[in-house]
1. Name the single residue that is nearest to residue 130 (Cα to Cα) among those in the stretch 263-278 being at pLDDT below 95 and surrounded by 18 or more Cβ atoms within 10 Å (Cβ to Cβ).
2. Does the stretch 33-54 contain any residue that is crowded, with 18+ Cβ neighbours inside 10 Å, modelled with pLDDT of 90 or more and not in a loop (DSSP other than H, G, I, E, B)?
3. Could you tell me whether any residue of the stretch 65-73 is over 30 Å from residue 165 (Cβ atoms) and either at pLDDT below 75 or part of a loop (DSSP other than H, G, I, E, B) (or both)?
4. Provide a single number: the residues in the stretch 175-195 that are under 14 Å from residue 131 (Cα atoms) and hydrophobic (A, V, I, L, M, F, W, C).
5. Which residues, counting only those in the stretch 200-216, are under 23 Å from residue 55 (Cβ atoms) and crowded, with 19+ Cβ neighbours inside 10 Å?
6. Go through the stretch 160-182 and give me each residue that's in a strand (DSSP E or B) and either in contact with a Phe, Trp or Tyr (Cβ under 6 Å, 6 or more places away or on another chain) or under 11 Å from residue 247 (Cβ atoms) (or both).
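The values are calculated or read from the model by the stated rules, or taken from the named source; none is laboratory data. Nothing here was measured: the structure is a model prediction, and the numbers come from that model. Here the Cβ positions follow ideal geometry from the backbone for every residue, glycine too, while neighbour counts run over all protein chains shown.
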Amino acid sequence: MKTIIPVIGILLVVSCTSEENASIFTGDKQTYCVEIPNGKKNANKEEYVVHGDMGNYASFMSKSDSEIGISSSRYYPLGEETVTAFYSPSDVTDTKSHINDEFAYKIRINEKAVFSSTTKSEPGSIKEMFGGPVSFSFSEDNLQTKVAHGIVNLYVPKIVRINFPEVVSEDNRYPLCYYKDFVVRWNEDSANKDGIIVFVKWSGIMVFGEDYSSSYIYHIIRVPDSGSTVLDETMFEGIPDAAYCSLGLLRGVSENIEFNDETIKVLAESHDILDFVLVRNIVSNEDV
């Protein structure tokens with residue numbers, strides 16, 4: 001017999017549908033229950049599923065010898081944002097490598113020598129680069145690339161933020177979301193023509209009962225940057241009831257260039273992550 005765990009108070013099933021049609025049940029109206037699965041049919045399952053074409057985001061996954069760019073990340077809706085410029089050189093111990101820390105000092109992002117120890121960046125200067133054109137320039141005396149004048153100009157999309165499912169306090173930090181008609185909303189960037197990446201990840205952690213320690217499910221899809229999308233049920237395949245999951249959005253741009261027989265990936269990205277509890281079956285207490 002399956003175990004039935006009552007859900008009480010405001011931490012009840014928030015169906016991630018449109019706000020006007022959201023199935024939100026509170027304790028003062030009617031108590032509902034989440035049906036917890038029995039058995040280990042999802043044990044030892046590892047899946048990485050790409051739904052459709054990744055478009056220009058495929059370049060994010062391509063190999064390169066070094067990476068240069070800017071990044072904004074937030075791993076929890078009420079948490080702090082981290083904004084940084086980064087340079088990851090190839091192995092400087094390799095005699096074939098032409099990229100080293102000295103090269104980093106010659107890199108300019110919007111004419112700022114952000115990797116130089118003598119440069120004093122104003123607070124928020126990197127964050128202000130998002131949502132506009134950004135120039136990545138290199139030392140012309142050593143540069144041998146296909147890029148004119150050693151400059152890569154990219155439109156860097158706005159920093160992405162998940163607006164729905166909404167988390168406004170610690171009390172609803174892990175919303176319970178129904179797997180059907182799962183709507184995600186974010187701040188739209190109409191100038192971003194490459195779309196946005198949505199991913200759902202489950203690492204085998206359960207809210208109730210024993211974890212699936214050997215299971216890992218990852219679904220990823222690219223959608224238009226229109227500000228909202230409805231996730232198909234296939235984005236949750238392999239994930240059981242009451243699974244502790246992560247919903248993430250990634251927005252960015254990337255371009256690979258050649259430098260002295262090596263590949264440099266120039267990129268800018270932002271990502272926002274929200275943890276939630278997946279709900280598949282809901283039963284009224286009248287059925288218990």
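1. Filtering the stretch 263-278 for residues at pLDDT below 95 gives 263-267.
So of that shortlist, the ones also surrounded by 18 or more Cβ atoms within 10 Å (Cβ to Cβ) come out as 264-267.
Values: 264: 21, 265: 18, 266: 15, 267: 12 Å.
Among them, the one singled out is 267.
2. no
3. From the stretch 65-73, those over 30 Å from residue 165 (Cβ atoms) are 65-68; that's our starting set.
Still in the list and also either at pLDDT below 75 or part of a loop (DSSP other than H, G, I, E, B) (or both): 65.
Checking the stretch 65-73: at least one residue is over 30 Å from residue 165 (Cβ atoms) and either at pLDDT below 75 or part of a loop (DSSP other than H, G, I, E, B) (or both).
4. Going through the stretch 175-195 one residue at a time, the tally reaches 1.
5. To start, the set of residues in the stretch 200-216 that are under 23 Å from residue 55 (Cβ atoms) comprises 200-201.
Across the stretch 200-216, the qualifying residue is only 200.
6. In the first step, residues of the stretch 160-182 are kept if they are in a strand (DSSP E or B); the result is 162-164, 176-178, 182.
Hits for the stretch 160-182 are 162, 163, 164, 177, 182.
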